[in-house]
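Just below is one structure, and these are the notes that go with it.
All of the numbers you see were taken from the coordinates with simple rules; none came from a lab. Since the model is a prediction, treat every value here as computed from it, not as a measurement. Here the Cβ positions follow ideal geometry from the backbone for every residue, glycine too, while neighbour counts run over all protein chains shown.
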Amino acid sequence: MYLTNTKIEENSAINFPLEEYHAGAAVLFLGKVRDHSQGKQVLYLEYEAYEAMAEQMIQELINKAKALWPVDQVRVQHRLGKVGLGEIAVLIEVQSAHRDEAYQASRFLIEEIKHKVPIWKKEYFADGTSAWGVCRHEPAGTMQPSKSAGAGC
């Protein structure tokens, strides 16, 4: 199960054991709720999903990552419901023999999840307004530091 309504604890990510001694690299991505978006102060987020389809699609993306790169282990968790400032919204961990494959698979997974999986983010702002989040950055592999500054999901 990849979707959860319960808080994702940082220590659960840090204490995730290496399953095999074959894995020399473990890349951990934590997507956290930041305090700003669209030039406004964010109070919290709410995530909704078409859960059955999202679970299936995440499994398919993990399978694809394993087919594209020689990774040993992959773990994905994505929060649903209300997520407060600083809390983890998404966790991705990829283990492989070498770091390059782990980094590439991790980047592939976060980009594909954010752009294709039916999970929706609503941002609640300090001015009393709210808005459904929209990803505004370039596709994976095309981002430049100047283009990515201040953009994203």
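Among Trp69, Trp132, Trp120, a tally of other beta-carbon atoms within 10 Å of each Cβ gives an order, fewest to most, of Trp132, Trp120, Trp69.
In the range 1-110, what % of DSSP beta bridges are antiparallel (nearest 5)?
Details: 21 of 23 bridges.
DSSP beta bridges in the range 1-110 are roughly 90 percent antiparallel.
For Lys32, nonlocal amide neighbours, meaning residues 5 or more places apart or on other chains whose placed amide H falls under 5 Å from its own, are Ala89. Karplus-based coupling profile of the range 38-54, in residue order and whole Hz: 6, x, 10, 7, 8, 9, 5, 10, 10, 10, 10, 8, 8, 4, 4, 5, 4, with θ = phi - 60° in 6.51 cos²θ - 1.76 cosθ + 1.60 and x standing for Gly or Pro.
Kindly put Tyr21, Tyr50, Tyr2 in sequence by how many other C-beta atoms sit within 10 Å of each C-beta, fewest to most. Present the calculation step by step, with values, prior to reporting the outcome.
Numbers: Tyr21 7, Tyr50 13, Tyr2 22.
With the sparsest Cβ surroundings first, the list reads Tyr21, Tyr50, Tyr2.
All Cα-Cα distances of the range 1-117, cut into 10 Å bins from zero to the largest, leave 14, 43, 33, 10, 1 percent in each bin in turn.
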